[in-house]
Structure formats: structure tokens, C-alpha cells
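The values are calculated or read from the model by the stated rules, or taken from the named source; none is laboratory data. As the structure is a prediction and not an experimental result, all values here were calculated from the model. FYI the Cβ positions are ideal-geometry reconstructions off the backbone, even for glycines, and counts take in every protein chain you see.
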């Protein structure tokens, strides 16, 4: 992991593979940071809007979403909504965000739109967490351009490392052309099951290839983690004693303690 600085930290959670625990990580890391008395903003940059419902917001009752900010209709501060945790806010999303890609196709500097939108919020938050869609789309490019750090969830399953090279090449291009300060915060092993050889093999492979970039914390395969989104709650509010909740507390601690090696 890289050392994370003391100013506002923008961390995007990215992996173009679906089902690796991106939204679970975005929601629960945000909640863990917030209950650790860090002013935290979760930005739902996925048109599926799962992070929005994961914090208990009813998408049909929301008037303005990230989409309206990205097309320049609403200022970022007017998009910020409350969650059940006082120090955790969210910029919500829903399906109209798909339109951003098409509508902004010919707009100059379209990769910088999210970065510019969030600029006014830096002083209000210690951490801004961006949940990316499961693709290397213009929305993901916007998130990587806006972020200081990329956190990569990697599920402990067959073919886990497949596609990671493409993500890292995309990151390298963005770092070179759009965002020279972008670093990897770390690789987070998710859905880890210590009883299976496969989980242990993926963990070993990740540590072999990425060495110090792999977080010490591993998120276990956990039933309660899977249930929490259907109740519109982060795991910390749904079952704080569960193994899933404890793992996200540990991850937040790792990030807040700036552990350890520079990228």
C-alpha cells in the first residue's frame, strides 16, 4: 500500500470485472471511515446505483443525482445527501447516468468532468470514496482522473487475476495523460474462504505479483455482508459483530494509518 496523505483523500474502487465486491467495499469502507470520525462522502458513479440503495436511499424519491452534476445542471454541494451515519454523506446515482457517456462524447476534456465537479467539496470531507461501474468506460476514466488513489478489490476465485493487467494499463495511461498523482492504494482480497485451497492460492499469487500492494486485511466470504444491502444498511449498522463488519473496520484502520510502502 502507498502512504496516504493527511489532506482530503479521493479513493476510487475499481475493477472492470463484476461481482468482485466493489460496491460492498465502497459502502462499507465509507461507513467504517465515517464511524471512525472521518467526514466521508460516497460518490455512486455506477448507473446501477447499488451504493445508493446500499445506504438506504429510495432512488425513485431522489430529484437530483450524480448525472445532473456531471452534465452541469447542479452544483456538487446540492447533490450531497445524508445517510443514517451523521458523518457519512452520499452523492446518489441511478440509471440515467448511462446517458452521460453518450451526451458527453464530443465534449472537450470530458474525462475531467467528475474531478471538476468534486473540487468544491474537498474542504468538506476527509475522504471521498468513488464506486466505479464494472467496466473501463468514460465513467471509470472520470473516476480515475478525479482520484488520488485506486483501490482494487480482487475476489478469491478462479480467474481472479484475469483482466487486472488491462485495468493497470488503463491506470498507467490515465496517470501519464490525465492524472500524474494517481497511485494504487492497495489490492483488497475479497470473498476469502480460508477453508479452500483456491482462496489461499489466489492470496499467494496476489502477494507474489503485487507484494506490498496487497492489504493485510482480507474480506471473508460472509452471509451477513450479502444480506445487508437488501436492508439498505452498511454491514456496520446491520451486524457490527459479524466477520464482514470487522474486516471493513480493519481496512479503514489500515488506510487511516497510512500503512506502509510507497507505490
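Figures for the structure shown
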read-out	value
All positions within segment 243-263 that are over 19 Å from the mean Cα position of the chain (by Cα) and either crowded, with 23+ Cβ neighbours inside 10 Å or modelled with pLDDT of 90 or more (or both)	243
Wholly within segment 35-106, helices (runs of 4 or more DSSP H) carrying at least 3 residues that are modelled with pLDDT of 95 or more	50-54, 66-70
Which listed residue, of 22, 59, 38, 17, is surrounded by fewer than 24 Cβ atoms within 10 Å (Cβ to Cβ) and in contact with a strand residue (DSSP E or B) (Cβ under 7 Å, 6 or more places away or on another chain)	38
Hits in segment 218-242 (condition: without any contact (Cβ under 8 Å) to a residue 60 or more places away in the chain, buried (at least 17 other Cβ atoms within 10 Å of the Cβ), out of contact with any strand residue (DSSP E or B) (no Cβ under 6 Å at 6 or more places or on another chain) and not in a helix (DSSP H, G or I))	222, 239, 242
Residue 113 without any contact (Cβ under 8 Å) to a residue 12 or more places away in the chain and surrounded by 16 or more Cβ atoms within 10 Å (Cβ to Cβ)	no
Only listed residue being within 18 Å of residue 118 (Cβ to Cβ), in contact (Cβ under 8 Å) with a residue 12 or more places away in the chain and under 12 Å from the mean Cα position of the chain (by Cα), chosen from 153, 133	133
Every residue from segment 43-56 that is crowded, with 24+ Cβ neighbours inside 10 Å and over 16 Å from residue 237 (Cα atoms)	43, 44, 45, 46
Subset tally (residues that are within 18 Å of residue 226 (Cβ to Cβ) and either modelled with pLDDT of 95 or more or assigned to a helix (DSSP H, G or I) (or both)) for segment 1-29	9
Selected residue [exposed (fewer than 14 other Cβ atoms within 10 Å of the Cβ) and touching a helix residue (DSSP H, G or I) at 6+ places or on another chain (Cβ under 8 Å)] from 158, 215	158
Some residue of segment 181-193 being over 19 Å from the mean Cα position of the chain (by Cα), without any contact (Cβ under 8 Å) to a residue 12 or more places away in the chain and surrounded by fewer than 18 Cβ atoms within 10 Å (Cβ to Cβ)	no
